[in-house]
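For reference, the structure is listed below as structure tokens.
The values are calculated or read from the model by the stated rules, or taken from the named source; none is laboratory data. These numbers come from a predicted model, not from an experiment. Counting neighbours? That spans all protein chains shown, and the Cβs are built from the backbone with ideal geometry, glycine included. The protein model used for the area step is the full one, side chains on, heavy atoms only, and it has no ligands, DNA or RNA in it. Shrake-Rupley method; radii C 1.70, N 1.55, O 1.52, S 1.80 Å.
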Amino acid sequence: ESAARAGRTGSEARGWRRMLGFLTRLQRGVWLTHSFYRCLVPNPEVKNQQLVLSQRVIANALLNLRSHTLRDFEKAMSNLDKAITNSMYFDFKLKDLKLKVAEEHLYPTSLEQIGYKWLEERDWGTAAFQVRDEAMFHREFSKPLYNLHGPGEILLAKHLLMNFANEPSKVIQREDLVLMRDPREPHELSPKEKAELALGGGSGGLLVRRVVAVPGEEIVCVNNEDETIVLDNNEVWVMADNADVSASDALDSRTFGPVDATAHVFGRVFYSIRSAVDHGPVKNPNPSSQSFDRLWTEDVDIDGFLELYK
């Protein structure tokens with residue numbers, strides 16, 4: 001009898017896990033599909049010309065559907081998808097950014113492929129970055145608060161689709177850890193930084209920073225309260241957490257000012273990998289961020305991402 005009871009309990013637990021897995025995949029699909037179809041709606045805040053052109057072609061195809069073939073509409077949708085893919089991946093084409101996505105999913109050609117890969121490709125929109133410095137590692141709270149471990153760990157970030165669909169104020173929260181690229185122009189870099197960037201050294205142009213202020217908030221200078229900055233709709237203020245690193249070396253908003261999230265922020269960091277047996281979620285403090293991040297932490301392909309760094 002006890003063996004039968006244990007069997008029923010195990011079967012019920014497996015059933016619950018399958019149900020939770022299904023609900024997680026459903027929530028992922030709802031968010032991704034919603035974001036994808038938001039790309040069909042022109043947004044004056046989005047300055048991506050390839051995306052805007054694709055939106056116009058699709059609108060024209062819909063208005064004249066009777067005089068156009070289905071193939072014309074498929075082509076228009078495919079161009080939109082290419083604009084999204086280019087914005088997500090190739091606009092962030094930096095040597096230290098690792099992407100794990102099936103090659104055949106980069107450029108779909110039919111309606112059956114367009115959008116569906118968002119639901120089927122588990123790692124679509126996920127990037128990996130191996131930390132090389134201690135700018136973000138504060139020994140007193142980075143590990144207990146965020147589950148960061150410092151140089152050597154591989155951090156995973158999920159693209160938040162801000163450069164063509166989602167408004168930063170709706171997907172980025174204060175205290176989030178974000179993966180971003182150095183927003184400075186080449187002429188603003190020192191000779192050493194230019195050399196490191198060209199060789200793929202240093203951070204390779206990529207940074208992980210903590211968001212301390214979000215769009216619409218005001219930044220007040222601690223040395224002069226009359227000196228303030230009000231962040232625009234797409235801007236965030238980011239900081240490095242290691243107090244032992246000088247402001248000039250830390251490379252945060254004290255150096256380069258507000259950051260346009262739609263142009264420079266890839267997404268929120270949600271997972272840390274140290275080895276095949278030592279890994280876990282990054283604990284962003286905001287409950288909204290935690291809820292979203294849990295959608296992607298349940299079935300991370302640890303071996304697949306470690307393979308990128310062999």
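Checked against the criterion of being in contact with a helix residue (DSSP H, G or I) (Cβ under 7 Å, 6 or more places away or on another chain), of a type in the set (V, I, T) and modelled with pLDDT of 90 or more, the candidates V277, V269, V265, V236 yield just one match: V236. Close Cβ contacts (under 7 Å, 6 or more residues apart or on different chains) running from residues in the range 237-261 that are among the basic types (K, R) to residues that are surrounded by fewer than 16 Cβ atoms within 10 Å (Cβ to Cβ) comprise R254/A247. Across the range 135-160, the number of residues qualifying as modelled with pLDDT under 85 and surrounded by fewer than 18 Cβ atoms within 10 Å (Cβ to Cβ) comes to 3.
Answer yes or no as to whether F305 is under 13 Å from T126 (Cβ atoms), modelled with pLDDT of 90 or more and open to solvent by less than 20 Å² (accessible area, probe 1.4 Å). Explain how you work it out, then say what you get.
Details: under 13 Å from T126 (Cβ atoms): yes; modelled with pLDDT of 90 or more: yes; open to solvent by less than 20 Å² (accessible area, probe 1.4 Å): yes.
So F305 passes the test.
Annotation: D241 fulfils all but one of (1) assigned to a loop (DSSP other than H, G, I, E, B); (2) farther than 15 Å from V131 by Cβ; (3) charged (D, E, K, R); (4) open to solvent by less than 40 Å² (accessible area, probe 1.4 Å); the unmet one is (2). Across the range 167-179, the number of residues qualifying as open to solvent by less than 10 Å² (accessible area, probe 1.4 Å) and either of a type in the set (F, W, Y) or part of a loop (DSSP other than H, G, I, E, B) (or both) comes to 2. In the range 244-260, is there at least one residue being part of a strand (DSSP E or B) and buried (at least 21 other Cβ atoms within 10 Å of the Cβ)? Yes: the range 244-260 contains one or more residues that are part of a strand (DSSP E or B) and buried (at least 21 other Cβ atoms within 10 Å of the Cβ).
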